[in-house]
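Asks: Supplied in structure tokens, the structure appears directly below.
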Amino acid sequence: MTRDATSQRYLSELFSLDGRVAVVTGGSSGIGRAVAGALAQAGASVVVVARREAELSATVDELAADGCRAAWVSGDLSVRDGVRAAAERAVEAFGEPDILVNSAGINLRPPMGELDEEVWDATMAVNLEAPYLLGRRFGPGMAERGFGRIIHISSQQAHRAFVRSGAYGVSKGALESLARSQAEAWSPYGVTCNTLVPGFVMTPLNARLSSDPERVAALAARTMVGRNGLAEDFAGAAVFLAGRASGYVTGQAIFVDGGFSVH
């Protein structure tokens, strides 16, 4: 066997997702879309779950054009019945998932004194309760089969308060705690549970901040690499956490932020 063939086989054993099934919420835009694409390109059959059918269809069409196996489910993750229904429809495409990525989120951040119960409830429902319900639906099955990967997309606001963290920061802090609880429960059975923590990334979720050039520049200056994040920056980390190579990594918050959090 040639050196190149040996190298390719080694890398495939570590990182290939051939034969795996992934469900990615929020997978039609931003970080979720980049992660869905990365998992699909690495060999997984990917089900993208989000609300807007036009964006979902465009995402899956793009993946199919690249030779990937992908399907989409339109679902309302803000209500329990919507989460449950989306989960069952997701299974219909390729079967029970080996990989669950929770990237769907809402970013409502009024001043703390104006943060009402409606905003609080909506934030917790999408950012925290939906990942909990999906984990409860898919995690035990992963454990029974002896392999699973749960990946949550968190936020800097889980660790530090700035630009009106409000309920959003609370939901993301709780999401990282959920990952640790899931890891404690299921990692003995081959299911790792981790979070990816972005810095400031230019996505639709951050539209309010993205419209302020001075704030965008200030956030870029706070990093060590001198720029804000891009959705595609998460591809490698997601493939790593989704595959065999990360079997001894669980309960962790992994920062993909250009040094934002340590500068």
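Asks: Report the local net charge at GLN182: Lys and Arg +1, Asp and Glu -1, summed over other residues whose C-beta lies under 13 Å from its C-beta.
Replies: Summing Lys and Arg as +1 and Asp and Glu as -1 gives +2.
Asks: Would you mind calculating the gained length between ARG160 and MET224 on full extension (0.36 nm times residue separation, minus the Cα-Cα distance), in nm to one decimal?
Replies: 21.3 nm
Asks: May I pose another question? Got a number for carbon plus sulfur as a percent of the chain's accessible area, 1.4 Å probe?
Replies: Looking at the chain in its full context, I get 52 percent from C and S.
Asks: Round to the nearest 10 and give me the degree value, 0 to 90, for the angle of helix 213-222's Cα axis relative to the longest principal axis of the chain.
Replies: 60
Asks: Students often get this wrong, so try it: which of (1) 1.26; (2) 1.09; (3) 0.98 is Cα Rg over 2.2 N^0.38 Å as calculated from the structure shown?
Replies: The calculated read-out lines up with (3).
Asks: Angle, helix 166-186 long axis vs. longest principal axis of the chain, Cα atoms, 0 to 90°, nearest 10?
Replies: 30
Asks: Same structure again: If I build a Gaussian network model for the chain, linking alpha-carbon pairs within less than 10 angstrom, which residue out of ILE106, ILE31, ILE153 has the largest mean-square fluctuation?
Replies: Of ILE106, ILE31, ILE153, the Gaussian network model singles out ILE106 as fluctuating most.
Asks: Right, here's the next one. Positive end of the charge dipole of region 54-129 (Lys, Arg +1 and Asp, Glu -1 on Cβ, about the Cα centre): tell me which of VAL101, LEU56, ALA70 has its Cα farthest that way.
Replies: Going by the charge dipole, the pick is ALA70.
Asks: Follow-up. Magnitude of the Cβ-charge dipole of region 68-155, K/R +1 and D/E -1, about the Cα centre, nearest 20 debye?
Replies: Dipole size: approximately 500 debye.
Asks: Provide the packing ranking of 17-24, 41-48, 138-145, i.e. peptides ordered by the mean count of other C-beta atoms within 10 Å per residue, highest first.
Replies: Taking the mean over residues of other Cβ atoms within 10 Å, the ranking is 41-48, 17-24, 138-145.
Asks: Shifting gears a bit: Treating the angle as unsigned and between 0 and 90°, give the value, to the nearest 10°, between the Cα long axis of helix 53-65 and the longest Cα principal axis of the chain.
Replies: The helix 53-65 is inclined about 40 degrees to the chain.
Asks: Please give the FRET efficiency for SER12 paired with GLU232, using the beta carbon to beta carbon distance and R0 = 22 Å, rounded to the nearest 0.05.
Replies: 0.50
Asks: Could you give me D for region 1-48, from Stokes-Einstein at 20 °C and 1.002 mPa s, where the hydrodynamic radius is the Kirkwood radius over C-alpha pairs? Units µm² s⁻¹, please.
Replies: Taking Rh from Cα pairs, D becomes 185 µm²/s.
The values are calculated or read from the model by the stated rules, or taken from the named source; none is laboratory data. Since the model is a prediction, treat every value here as computed from it, not as a measurement. Counting neighbours? That spans all protein chains shown, and the Cβs are built from the backbone with ideal geometry, glycine included. What goes into the accessible areas is simple: the full protein's heavy atoms, side chains included, and nothing from ligands, DNA or RNA. Shrake-Rupley method; radii C 1.70, N 1.55, O 1.52, S 1.80 Å.
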